[in-house]
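Let me begin by presenting the structure, written as structure tokens, before commenting on it.
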């Protein structure tokens, strides 16, 4: 115990103990010398008519012990008691260091159980050494909980259960008896005592009551503490798990199932292990297929008379269809095809396997091959349903996701200042007379459909910022700006975001422009400016032809084109001469022309007020006409999407205009971006080269769920071990060119000369 206490204090080998403990150690060493006075007879067992072993166990907070006594009864009835074996062990400490610091130790009932285990092992050791296997052995303990754990047939906890099992391996529970603590000789070694007390006790001679007749031995026990006993009972936890039966069970291929059934039949027949691994014969495969189809037909066709077909059971035990080709000189399978259910998943696998076997033939071809041996009711519909899940065919002819029609955003239908909500795009390049390239910057109002055109000499962000400054100086500052993900737009936006807008707003009361980017490759999201880009191109082609102009001349032409587009009618024009003039964007851009010249009249202050009210009334009338004649015509289409809603984890093909369909990358949806109305129209897709933001119309689903590992094995292109699904997706606006467009490969002739791309095709290059 002194050594255990030193270890508990975590002392180093060269550290000295405190003075009090050192004194205690020296005192213990001096007392050891008096143990030489103890005399124990070496004759343990004398010839007797009866021999018994009595085992006593006890435990205290510091130690637990076990003693084995031999009780010998001679012919005259004289009883002698002799100590055979005794052992004491220090009580173990808690494994948890925090509990050791708090002074927590193993409970006394558990230590008593350890003492019982020690006594049972000591008795087993004595019996084996004396070769007395059938000797009567009685076990004594003063612990009622330990005796209850040993005697009761219960499922105890780990600690108690393991020790009870070991005790019952060495003893029988009916030989365990209770002894009061004061009459238990094992109490002394469990508590410890000085040598002089040990000499005075003479405890190795055994208790006096053990020399008496068995009728005088202690019997009975104190009251049991059931709460303390049942505290060690094994806890039973019941966890209710909900299992959802899959409506689409996973099967291997049809012919692989046939082979599995063939080997199962071999095992049932008791075939030798050596022959079991031999190659399957054609006859065995045929028998296995018949056995498997019998099970399928019995499950799906319990009453075949309900079918409006001529069904007959043939010699093989299968249901066959009797066709009108009964007397044709042809194969039996073609004249009497086997009836197969259309809803069985395994039959669906058979259809897809035949489809793959014949190079992914079409629906009619696959159905024709199946009809040579099998008959499936509603065959065309069943084959069509099965082939929809063919991954190779879906990759060759995918269908994109669809979205429901959506109302225009609030900013596009709220009347206000012209160009408050603006869309911007570039068109070109155009070639000047000096062979320089220029690009057209088109600004359009999202509400009144006005346009403003400008020229830039490069696609850099600096050139666009200068163009935007000229536009703001001429037409005013927009509140919202829409654009695609061109590098010049993204660069300008990044430059604006670096500014300290809080300081700018305090100093000049100018608010930051809200810049909204469309998803990459979603050109139709900007259809309201792309249509005007086409109008500008058409007018320039008709106006210029193949002419080459200077920059000044081209600027003049663009002003004329912008004026023409702004004068286009927004509503239908009737032939009735009494109807009002059709609405045009120019009316909102310039205001309605006055028919009178106020400078030639002499006006008073009162007349000026009337004239101001008249101008305001004309503006209100114009806004009212815009609302009734233009906005009232904006009606949503009645068509709705026909595809299922995408889910996070779905595997899709990412469509791209500059790649062939076979080169489209595979990806997995990792995030969906719902709009204000809750409808999803774009999302983030994880591909082998990174994360892409794409509209749903660019995603072609392959109907491969995230959990389907078998399907993922079919698509080795998408291996995303490095992707963490719980990683956050940053909303980073990346240029469209870096997401989709790739550098075109250089083309060379047979002699190695590089073929250059034509620099000019009409007025515009092929890029726009």
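Worth pointing out:
- Selection status of residue 371, surrounded by fewer than 19 Cβ atoms within 10 Å (Cβ to Cβ) and either modelled with pLDDT of 85 or more or under 30 Å from residue 443 (Cα atoms) (or both): no
- Which listed residue is touching a strand residue (DSSP E or B) at 6+ places or on another chain (Cβ under 9 Å) and closer than 20 Å to residue 430 by Cβ, from 496, 517, 464: 464
- Residue in the stretch 219-239 that is modelled with pLDDT of 70 or more and closer than 30 Å to residue 45 by Cα present: yes
- Number of positions in the stretch 332-368 that are touching a strand residue (DSSP E or B) at 6+ places or on another chain (Cβ under 7 Å) and exposed (fewer than 14 other Cβ atoms within 10 Å of the Cβ): 0
- Qualifying position, being assigned to a helix (DSSP H, G or I), within 58 Å of the chain's Cα centre (by Cα) and farther than 15 Å from residue 58 by Cα, among 165, 121: 165
- Residue 182 satisfies every condition listed in (1) in a helix (DSSP H, G or I); (2) under 20 Å from residue 87 (Cβ atoms); (3) at pLDDT 80 or above except (2).
- Note on the stretch 126-162: among residues that are over 23 Å from residue 231 (Cα atoms) and in a loop (DSSP other than H, G, I, E, B), the one that is modelled with the lowest pLDDT is 133.
- Residue match in the stretch 94-103 (condition: in a strand (DSSP E or B), under 17 Å from residue 10 (Cβ atoms) and either out of contact with any helix residue (DSSP H, G or I) (no Cβ under 7 Å at 6 or more places or on another chain) or at pLDDT below 80 (or both)): no
- Residue within the stretch 492-509 that is surrounded by 20 or more Cβ atoms within 10 Å (Cβ to Cβ) and in a helix (DSSP H, G or I) present: yes
- Against the criterion of being assigned to a loop (DSSP other than H, G, I, E, B), in contact with a helix residue (DSSP H, G or I) (Cβ under 7 Å, 6 or more places away or on another chain) and buried (at least 16 other Cβ atoms within 10 Å of the Cβ), residue 447 qualifies.
- If you check 339, 350 for being in the same structural domain as residue 301 (by TED's automatic domain parsing), modelled with pLDDT of 85 or more, touching a helix residue (DSSP H, G or I) at 6+ places or on another chain (Cβ under 9 Å) and over 20 Å from residue 305 (Cα atoms), only one passes: 350.
The values are calculated or read from the model by the stated rules, or taken from the named source; none is laboratory data. Remember, it's a predicted structure, so these values are computed and weren't measured experimentally. Note that each Cβ is placed from the backbone with ideal geometry, even for glycine, and that neighbours are counted across all protein chains shown.
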